[in-house]
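Coordinate-derived values only; no laboratory data. The model shown is predicted, which means the values in this text are computed figures rather than measured ones. Positions of Cβ are backbone-derived with ideal geometry, glycine not excepted, and every protein chain shown enters the neighbour counts.
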Amino acid sequence: MAGVSRRTLLMASAAWASGAAAQEPAWQALQIGGCALLLRHAQTDPGVGDPPGFRLEQCSTQRNLSGPGREQAVRIGEALRRRGIVFDEVLSSRWCRCVDTARLVAPAPRVRIFEPLNSTFNDRALEPAQSQALRGYLAGLRPPRRALLVTHQVNISALAQVFVAMGEGLVVRVEGETVTVAGRLHLGA
């Protein structure tokens, strides 16, 4: 590459390798099972939350996946399949951006709406009950079962105390009443 020093290439290569190595515990947990990939929906059209007056039953009123977001979701699914990860269950928030992400990441099994994954962005009072329901669901996952849960940043932060970017996921399990993060996956970059 013209204009790029060997040192710069070596540093970039080392950064990529360390990032890949940092994801290895998450991959190992998914291989074993008894956990879920808690995935924030893929990239959307610009904005925060949804437009005023949006309706869950009408996707055209919501903030939806962008073209690059659809491509990102497909890449996430391909990355998972390359590692041999197949989900026993695929659950999603009712929001169209989450359902679309779930369908593009894991075309099978059929996506099922799971209300505790719905966004609490407009009503934070829902968060404690939804997080408790998610912990209960996760507590029931035993190896080799694994699930894909597609939701929103606000829900992931409430459950795992971690901020994730669009299309980024956490591999999580419950130990007692505590949500444990086995690792973070950057799959669709």
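Potential lengthening of the chain between Ala129 and Ser66 amounts to 19.6 nm, from the contour at 0.36 nm per residue minus the alpha-carbon distance.
Computed as a quarter of the hull surface, the mean projected area of the alpha carbon convex hull for the chain stands at 12.0 nm². Of the peptides 47-54, 58-65, 169-176, 25-32, the order by per-residue mean of other Cβ atoms within 10 Å, starting with the highest, comes out as 169-176, 25-32, 58-65, 47-54. Cys residues of the chain that find no other Cys beta carbon under 4.7 Å: Cys35, Cys98.
By DSSP, what percent of the beta bridges with both residues in the stretch 21-153 are antiparallel, rounded to the nearest 5? Don't skip to the end; give the middle numbers.
On the way: 2 of 15 bridges.
Around 15 percent of the beta bridges assigned by DSSP in the stretch 21-153 are antiparallel ones.
Cβ crowding within 10 Å, taken as a proxy for footprinting-reagent exposure, orders Thr178, Thr44 from fewest neighbours to most as Thr178, Thr44.
Within a 10 angstrom radius of the beta carbon, how do Phe121, Phe163, Phe114 rank from fewest other beta carbons to most? Intermediate values should be presented prior to the final figure.
Working: Phe121 16, Phe163 11, Phe114 21.
So the ranking, lowest neighbour count to highest, is Phe163, Phe121, Phe114.
So how strong a dipole does the chain carry about its Cα centre when Lys and Arg Cβ are +1 and Asp and Glu Cβ are -1, to the nearest 20 debye? Working shown, then result.
On the way: 22 positive and 15 negative charges, 104 e Å.
Roughly 500 debye, rounded to the nearest 20.
Normalised by the number of residues in the stretch 75-189, the mean separation of alpha-carbon contacts (under 8 Å, six or more apart) gives a relative contact order of 26 percent. Scanning the chain for DSSP H helices at least 20 Å long along the axis (C-alpha atoms) with a Kyte-Doolittle mean no lower than 0.0 picks out 6-32.
What is the sum of charges around Phe54, taking Lys and Arg as +1, Asp and Glu as -1, for the other residues whose C-beta is under 13 Å from the C-beta of Phe54? Don't skip to the answer; put the middle values down first.
Numbers: positive: Arg55, Arg63, Arg94, Arg97; negative: Asp45, Asp50, Glu57.
That sum, taken over residues with Cβ under 13 Å, equals +1.
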